[in-house]
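For reference, the structure is listed below as structure tokens.
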Amino acid sequence: MRTQVVIVGGGPSGLLLGQLLHKHGIETVLLERKTREYVLARIRAGILETGLVNMMREAGVAERMDRECFVHHGTCISYENEMFAIDFHKLIGQNVIVYGQTELTHDLYDAREAIDAKTIFEVENVQIIDADRDAPYVTYVSGGAEHRIDCDFIAGCDGFHGVSRKTIPETVRKEYEKIFPFGWLGILSETPPVHDELIYANSTRGFALCSMRNEKLSRYYVQCDQADNVENWSDDAFWDELKRRLPEAIAEKLVTGPSIEKSIAPLRSFVTEPMRWGRLFLCGDAAHIVPPTGAKGLNTAASDVHYLHEALVRFYRDKDMGGIEHYSEKALARVWKAERFSWSTTNLLHRFPDQTDFDLKMQRAEIESLHYNEIAQRWFAQNYVGLPY
């Protein structure tokens, strides 16, 4: 088989890249290790930055998103019994939207099927060969037989555990990582959201987050020990702990119910450099991970897709390698800014096991500065809605 671009990984970043390239007549083959049903069963965040929303529209896959999404003009931050709003629309004239990543991925798969683009599920033993030369190819096993795809370029959208990043020699890549000493215990429940905007809560008992998927589906989180286990948490125990971390007026309005999904996510920051090796490009979690504080994971992957699809279009349209040669530099410049925002927001809102009384006073001062300083709020708003590409 031969194609122009092989996309390794069938998550939203790989799918969006494929749609954008199709709009410019660039052929792709997408390889996914799991089934479509497995990919769509993943529970992920649903806050979309302006840039990602615009790319979905550019790709022609925004009709349901625009119809069903919830526009959020700001967010709320609480500390103990205090709560304040950061009004994105008032501060910078922008907003974010809430639209579940599962729904977005569903839309992208439907769109890929509609254009009859080749997608191969349940592939095993993917190998990327000669990525540093002019004629790369990919091999994989499917149905018990080995197959080969010759191509011009390879987009590694296969996540942290995928083959793409590991294909870049250790002598070439450098990795940066910070592991946070806690996780997020999250539940999904068929209950109305407690508030019409997200609430990020700092309390003496630890961080909490009140989020939503729609008017009847809520997503809640509490900070927990990184070695904790979901079996240690009954639904009642979770709701009781969540209420203790919210302002009283919010806790009193909280509607509880059975969880339909419960999981613990570790928190870490990770970046690998470079994000390009020859004709192999890394996108999304294959290259970087952020703590979920601030909702930058999917959105940072989308910025990679923006730079990569522009570089490939420039190559096929103009035979110009400039975008390809500078892809890693451009993508990483924005990645590190997103990493900084997620890191700083995580430090602002969580309780750390080694915090001294002085550290806690400084954290409280930082939160109050954000509460009462419009310049600080404007910086927060600019980062939350997404820095320009």
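The values are calculated or read from the model by the stated rules, or taken from the named source; none is laboratory data. All values derive from a computational prediction rather than experimental measurement. Cβ sites come from the backbone with ideal geometry, for glycine too, and all protein chains shown count toward neighbours. Each accessible area value is taken on the protein alone, full model and side chains, heavy atoms only, with ligands, DNA and RNA left out. Shrake-Rupley method; radii C 1.70, N 1.55, O 1.52, S 1.80 Å.
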Within the range 264-283, the residues that are under 20 Å from the mean Cα position of the chain (by Cα) and either under 20 Å from residue 180 (Cα atoms) or in a loop (DSSP other than H, G, I, E, B) (or both) are 264, 265, 266, 267, 268, 269, 270, 271, 272, 274, 275, 283
Fill in: Boolean, residue 159 is more than 30 Å from residue 72 (Cα to Cα), of a type outside the set (D, E, K, R) and open to solvent by 10 Å² or more (accessible area, probe 1.4 Å)
no
Check: What do you reckon, is residue 18 at positive phi and not hydrophobic (A, V, I, L, M, F, W, C)?
Finding: no
Those residues of the range 317-332 which are surrounded by 13 or more Cβ atoms within 10 Å (Cβ to Cβ) and assigned to a helix (DSSP H, G or I) amount to 323, 324, 327, 328, 329, 330, 331, 332
With the first residue restricted to the range 75-87 and required to be without any contact (Cβ under 8 Å) to a residue 40 or more places away in the chain, and the second required to be among the hydrophobic types (A, V, I, L, M, F, W, C) and not in a strand (DSSP E or B), Cβ contacts under 6 Å at 6 or more apart or on different chains are none
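For the range 111-134, enumerate the residues that are in a helix (DSSP H, G or I) and either open to solvent by less than 20 Å² (accessible area, probe 1.4 Å) or touching a residue at least 60 places away in the same chain (Cβ under 8 Å) (or both).
Across the range 111-134, the qualifying residues are 111, 112.
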Quick count over the range 1-45, residues being open to solvent by less than 10 Å² (accessible area, probe 1.4 Å) and free of Cβ contacts under 8 Å to residues at least 60 places away in the same chain, is 0
>> When you check residue 381 against the structure, is it among the hydrophobic types (A, V, I, L, M, F, W, C), in a helix (DSSP H, G or I) and crowded, with 18+ Cβ neighbours inside 10 Å, yes or no?
In response: yes
When you look at residue 101, is it modelled with pLDDT of 95 or more, open to solvent by 10 Å² or more (accessible area, probe 1.4 Å) and polar (S, T, N, Q), yes or no?
no
Those residues of the range 135-151 that are at pLDDT 95 or above, open to solvent by 30 Å² or more (accessible area, probe 1.4 Å) and assigned to a loop (DSSP other than H, G, I, E, B) come to a total of 1
Does the range 60-70 contain any residue that is surrounded by fewer than 19 Cβ atoms within 10 Å (Cβ to Cβ), over 29 Å from residue 204 (Cβ atoms), touching a strand residue (DSSP E or B) at 6+ places or on another chain (Cβ under 8 Å) and of a type in the set (Asp, Glu)?
yes
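Take residue 356 and decide whether it is among the β-branched types (Val, Ile, Thr) and surrounded by fewer than 16 Cβ atoms within 10 Å (Cβ to Cβ). So that I can check it myself, show each step before the final result.
Numbers: among the β-branched types (Val, Ile, Thr): yes; surrounded by fewer than 16 Cβ atoms within 10 Å (Cβ to Cβ): yes.
When the stated conditions are applied, residue 356 passes them.
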Over the range 243-294, the set of residues over 19 Å from residue 333 (Cα atoms) and β-branched (Val, Ile, Thr) is 250, 255, 256, 260, 264, 293
Those strands (runs of 3 or more DSSP E) completely within the range 163-263 that have 1 or more residues that are within 30 Å of residue 344 (Cβ to Cβ), aromatic (Phe, Trp, Tyr) and open to solvent by 60 Å² or more (accessible area, probe 1.4 Å) are 174-189
